[in-house]
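J.: I have a structure I would like to understand better, so I am pasting it below and will then ask my questions one at a time.
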Amino acid sequence: QVQLVESGGGVVQPGGSLRLSCVASGRAFTSYAMGWFRQAPGKEREFVAAISWSGGGRQDYADSVKGRFTISRDDAKSTAYLQMNSLKPEDTAVYYCAARLGAYSVYAVTYDNWGQGTQVTVSS
């Protein structure tokens, strides 16, 4: 098990940028693939981005964020990041990071470690 704590959310104007951080504590961070998901009011939780374990050699993105968002990890700091650029109002949601042993996944149900979420609001 790992404990995850997100930070970096806030209010930003359309076209702006934010960087979310997810700090992990507990078992070896390098063994975990990391994912970012989001949930807007009245909608189901949806996949945003994922990165493979240790070294982050592979990443995957939802079509809606490709070219705008970048997922990365710093294993020395046990931290995963989500750099969000060119933000749109439809990106408004609570963003969650998640961790799972083994290969990364785009399915929320396959992750068994979750953070508490951080609110991102894109509004003029």
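J.: So which residues in the range 86-105 are open to solvent by 50 Å² or more (accessible area, probe 1.4 Å) and in a loop (DSSP other than H, G, I, E, B), if there are any at all?
T.: S86, K88, A103
J.: Next question, about the same structure. Of all residues in the range 1-23, how many are assigned to a loop (DSSP other than H, G, I, E, B) and over 15 Å from T121 (Cβ atoms)?
T.: Qualifying residue count, the range 1-23: 1.
J.: Among the residues in the range 79-87, are any more than 20 Å from Q119 (Cβ to Cβ) and more than 12 Å from the chain's Cα centre (by Cα)?
T.: No: zero hits.
J.: Test V65 against the criterion of being part of a loop (DSSP other than H, G, I, E, B), within 13 Å of the chain's Cα centre (by Cα) and at pLDDT 95 or above, and give yes or no.
T.: So V65 passes the test.
J.: If V12 meets every condition in (1) surrounded by 14 or more Cβ atoms within 10 Å (Cβ to Cβ); (2) under 28 Å from G57 (Cβ atoms) apart from one, which number is that one?
T.: Condition not satisfied by V12: (2).
J.: Let me ask something else about it. For V2, only one of the following conditions fails: (1) open to solvent by 40 Å² or more (accessible area, probe 1.4 Å); (2) among the hydrophobic types (A, V, I, L, M, F, W, C); (3) touching a Lys or Arg at 6+ places or on another chain (Cβ under 7 Å). What is its number?
T.: So V2 meets the others, but not (1).
J.: Continuing with the same structure: Tell me, please, whether a residue that is of a type in the set (D, E) and more than 11 Å from the chain's Cα centre (by Cα) can be found in the range 6-26.
T.: Checked the range 6-26: no residue is of a type in the set (D, E) and more than 11 Å from the chain's Cα centre (by Cα).
J.: Can I ask one more? I'm trying to understand the selection: among the residues of the range 24-45, which are in a strand (DSSP E or B) and farther than 18 Å from D112 by Cβ?
T.: Answer for the range 24-45, where residues must be in a strand (DSSP E or B) and farther than 18 Å from D112 by Cβ: just R38.
J.: Going through the range 43-63 one residue at a time, which ones are exposed (fewer than 14 other Cβ atoms within 10 Å of the Cβ) and over 16 Å from T30 (Cβ atoms)?
T.: The answer is K43, E44, D63.
J.: Restricting attention to the range 15-34, which residues are in contact with a Ser or Thr (Cβ under 7 Å, 6 or more places away or on another chain) and surrounded by 15 or more Cβ atoms within 10 Å (Cβ to Cβ)?
T.: L20, S21, C22, V23, A24, F29, A33
J.: Just one of V120, V109 is surrounded by fewer than 21 Cβ atoms within 10 Å (Cβ to Cβ), modelled with pLDDT of 95 or more and either more than 10 Å from the chain's Cα centre (by Cα) or not in a strand (DSSP E or B) (or both); which is it?
T.: Result: V109 is the single residue among V120, V109 that is surrounded by fewer than 21 Cβ atoms within 10 Å (Cβ to Cβ), modelled with pLDDT of 95 or more and either more than 10 Å from the chain's Cα centre (by Cα) or not in a strand (DSSP E or B) (or both).
The values are calculated or read from the model by the stated rules, or taken from the named source; none is laboratory data. Treat the numbers as computed from the prediction; the structure is a model and nothing was measured. FYI the Cβ positions are ideal-geometry reconstructions off the backbone, even for glycines, and counts take in every protein chain you see. Side chains included, ligands, DNA and RNA excluded: accessible areas come from the protein's heavy atoms. Shrake-Rupley method; radii C 1.70, N 1.55, O 1.52, S 1.80 Å.
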